[in-house]
Structure formats: structure tokens, C-alpha cells
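The values are calculated or read from the model by the stated rules, or taken from the named source; none is laboratory data. Predicted, not measured: the structure shown is a model, and the values here were computed from it. Virtual Cβ from ideal backbone geometry, glycine too; neighbours counted across all protein chains shown.
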Amino acid sequence: MGIFSRSRDIFAANITELLDRSEDPAKMIRMVILEMEETLVEVRSSAARCIADGKEMRRALMRLDELQSSWTEKAELALSKEREDLAKAALMERQKAADMADGLRQEIGVIDGTLKDYEADIAKLQGKLREARARQNAISTRFESAVTRAKAREIMNGNRTEDAFSRFEVLERRADFAEGRADALGMTGPKSLEEEIAELRASESVDAELEAMKAALKAKGK
């Protein structure tokens, strides 16, 4: 009866309500599943004992039926020999066997009813267990998703991310400065008047030297 009581409590339990009341839903549902699994094992064990008891009682009932047939034959034999006293005694023994058989039939009926209850409880427990395991998987998925989203938000909004982006900005400014310095070194501004005159004088000197070399070569050839 204790197992039946536990089974009924589990059937009446609203898993969603239990989880809502729990501070740790994951832990709560693990406890519920463990309770269901233990109860299911006990119900199956009790059902197995009932089945064994029923088989034993049916064998005993068959023996009692055979015993009744045997006492009937003995009573008939005694009457055929005009031994009414023996026939009456045989019929009394047959009645005892019949009473015992009736008692066994009643017990077998009780066992059969108990087995039906066990079968119904096992089916319901299995259904509840499937529901609880499905809820467990869903809850685990939700928790994993929540943890992942929390980490993502922490990365996006946390101080570490802000510090990293601040460092990026500093590095970018340094890169801009380095590029600007390189560009500045390669720049050539407009020539001054003195620079242009100096270039003209240098060009005249080169031209004069070139003419002199040509004249020297020409004189040497003659």
C-alpha cells in the first residue's frame, strides 16, 4: 500500500508547479526523476512478486480441483460397496477441498486486481518519467543558452571589452601618426629662387665643360 501511495503522490504532482516553487529547477527535476525511477523499480518488483504468488496459487487450485475429483470417486466407490459412512466422510473431505479452492479463487482475484493496478501505475509512472526527462532536457538547454547569452552580453558590455576597444583606438592613433610621419619624410616642397639659379649655373658649367671636351676631341682627331 505504501508503494501505491507514493505512486499516487507522483501522479498528482504537477512538475511545472514543483519547478516554479524550486530555487534550483535543475536540481529539483533531478530529484523528481530519481524518485520516479526508484518508485518504478519498487512497483515492478512488487508486480513480479504478485505474478509469482498468482502462479503458485493457481497451481494449488489445480491440485485442489484434482483432490475434489478424487474424493468424489472415493465417495462413489464407498456407496457402491454400501458404505454410506465412508461415502459421507469422503464428501466431507471434498467439501473441505472445495472451500479451500473458493478461498484461493478469492485471493487470486485480489492478486489479479492488484496486478492491474500495478500495470496502470507502471504505465503512468513511465509517462511521468518521460515528461520529467523531457523537461530536464529542455531546462538544461535553456540554462546552457542563458549562460551563453550572459557571456556574450558580458563580452559586449563588460569593462574588459571597453578596455580592449580603448587600446585599439590608441593603436590606431599610433598607426596614423607613423603613416603621417612616413608621408612627411617623402614630401618635397617648391624650389626657392636661389635653388633654381644654382641649378642654372650648374647646368651652364656642365654645358661649358661638355663643349670643351668636344673641341679637345676634335683637335686631337686632326
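Only a single item in (1) under 30 Å from ILE29 (Cβ atoms); (2) modelled with pLDDT of 70 or more is not met by VAL147, and it is number (2).
Would you confirm whether any residue within region 112-129 is of a type outside the set (Phe, Trp, Tyr) and in contact with a Gly (Cβ under 8 Å, 6 or more places away or on another chain)? Checking region 112-129: at least one residue is of a type outside the set (Phe, Trp, Tyr) and in contact with a Gly (Cβ under 8 Å, 6 or more places away or on another chain).
Determine, yes or no, whether THR39 is assigned to a helix (DSSP H, G or I), buried (at least 17 other Cβ atoms within 10 Å of the Cβ) and either of a type in the set (Val, Ile, Thr) or not assigned by TED's automatic domain parsing to the domain that holds ILE111 (or both). Yes, satisfied.
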